[in-house]
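What follows draws every value from the coordinates through simple rules; no lab data is involved. Note that the structure is predicted; figures quoted are calculated from it, not measured. In this analysis, Cβ positions are derived from the backbone assuming ideal geometry, glycine residues included, and neighbour counts consider all displayed protein chains.
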């Protein structure tokens, strides 16, 4: 057993120990935990089994969006697949052909190749994240992902690294001396959904306490209300989360907040009912969207977004709101803004001035507080009122 993690088996696949990153993970394991053979039939998808293996594909890939909906231009840094949490709605249940916790032993070499891509296009801004196919921090005490990635991205002027999590495992991250161009973000939901559907994840309060600590330690933070889920008294539930957000977080140092509603591939419905028989997330009415995923009807989605957006704008006039994978019409109905086109455009000189006013001049003390140093400022990605952020060179 690994302290703080419910991992009982570690399978070391062929070639994993040939890479320095893989060897460092093996050195952190308790004696006798690593093994060469699979622990047995029926355990290959267990959350307590971790596979350490070299990744054979590309490490940096664009987010698998669809041209029918507006995309934020996210780039995925592929560090592993699956996570130790057991969220009932997790879309990875139907995406991954090889379930189970998988950590890539050749990540160091893969990151170096990805950064050569970043460095070869100095005029392009790369918004990179590791939280698409796994949780960015859930396995950090074992993998040391943050210790490898943060120093490398912090010195790049044309990239920002987002570490997205549902956990409060921030100790490894906080030990690092780097803050520049790093965004730590949390997936949030109502306390009801967090307790019933996000199995193994800390409460909303604990997530926001961790985010508050990161803010105090100089990190810029972000939040993702995704997936928003209709449930009894959902307005009161999400209002409670917003009250906790107000209690723990300084809105001026939040770089972006995304909103997205429950969506899933049709085949996930069977898996949810089999693996999570107590789940109520399938009780609503759904329609197949242009991307083939099941979604709430448009008026329901727009109503969810309008409620969250209206209350978040009371919290801060410009909280950096954007929608994840939605149509022009839903942007207009939910956020009351004209959407920015297929991919967010660069721009937002007014927001640059606003952030400079909020954070003050780029003195050394201010730099430590804001995490926007080394000639960087936060630019709002806007087009006629639509909002999201990127960290761009000043």
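General observations
- The range 93-142 versus the range 41-91: alpha-carbon centroid distance in Å: 9
- Put in order of Cβ neighbour count within 10 Å, fewest first, the listed residues 297, 104, 178 become 297, 178, 104.
- Label-point gap, in nm, between residue 119 and residue 175 - each point 7 angstrom along Cα→Cβ: 2.7
- Cα→Cβ-extended label distance, 7 Å offset, between residue 306 and residue 265, nm: 3.4
- FRET E, pair residue 336, residue 247, Förster distance 30 Å, beta-carbon r, rounded to 0.05: 0.65
- Efficiency of FRET between residue 313 and residue 96 - r from beta-carbon atoms, R0 45 angstrom, step 0.05: 0.75
- Take the Cα of residue 148, step 7 Å toward its Cβ, do the same at residue 213, and the gap between the two points is 2.4 nm.
- Per residue, the average separation of C-alpha pairs within less than 8 Å and at least 6 apart gives the range 5-157 a relative contact order of 28 percent.
- Spin-label proximity, residue 275 to the range 101-131 - amide N less than 11 Å from point 7 Å beyond Cα toward beta carbon: 101
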